[in-house]
Amino acid sequence: MTVIGSSAPVGHEAFQDLPFTAWIGAEDLAILCRYASQRRVGDGEFLWREGEINDDLVFLLSGRIKLLKDTAVRKHPIVLGLFGAGALISDASFAAGHARSTSAAVMENSQVLLLSRESFENLAAEHPFLANRILSEALLSSTDQLQHAHGRLAAIF
């Protein structure tokens, strides 16, 4: 995993009004924060780069992040998604544990909540209903990303 930004204590009060909190109540948000780590990342940094092993599920608390896919023209990656505060960023690496198929570039100073696969499994053992909701939302987020990518590809061809 790319080492990013600085750690900060995780407290749920500061971000309880973000969009992802619509499906997670205050009590469950406090539980999630016990299993996740919070990071600050600067403009121009990467949460991860394509090809790295990284299984974090990302809750974007503030800032903006874009997902990039390398192309044959190395200096011109395709932008697969743009995310703002409140977004849940997930892909198959969270579920499968394989290398990232995209890069996540920070577009402006951001704060993220990271839930590793190992931490998720610990959360799931103790709070299965919450884990199910997180997985459902991660699936919806990934599906939305894929639909947008398909739309962009269709516009090209």
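Read-outs: derived from the displayed coordinates by stated rules, not from any lab. Note that the coordinates shown come from a computational prediction; the quantities given were computed from them, not determined experimentally. Counting neighbours? That spans all protein chains shown, and the Cβs are built from the backbone with ideal geometry, glycine included.
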Filter region 55-72 down to the residues that are part of a loop (DSSP other than H, G, I, E, B) and either touching a Lys or Arg at 6+ places or on another chain (Cβ under 6 Å) or of a type in the set (A, V, I, L, M, F, W, C) (or both) and list them by number. Asp55, Ala72
Residues being free of Cβ contacts under 8 Å to residues at least 60 places away in the same chain, surrounded by 16 or more Cβ atoms within 10 Å (Cβ to Cβ) and not small (Gly, Ala, Ser): count how many of those fall in region 55-92. 13
So which of Glu108, Glu52, Glu137 is farther than 19 Å from Leu29 by Cβ, acidic (Asp, Glu) and either surrounded by fewer than 14 Cβ atoms within 10 Å (Cβ to Cβ) or touching a residue at least 60 places away in the same chain (Cβ under 8 Å) (or both)? Glu108
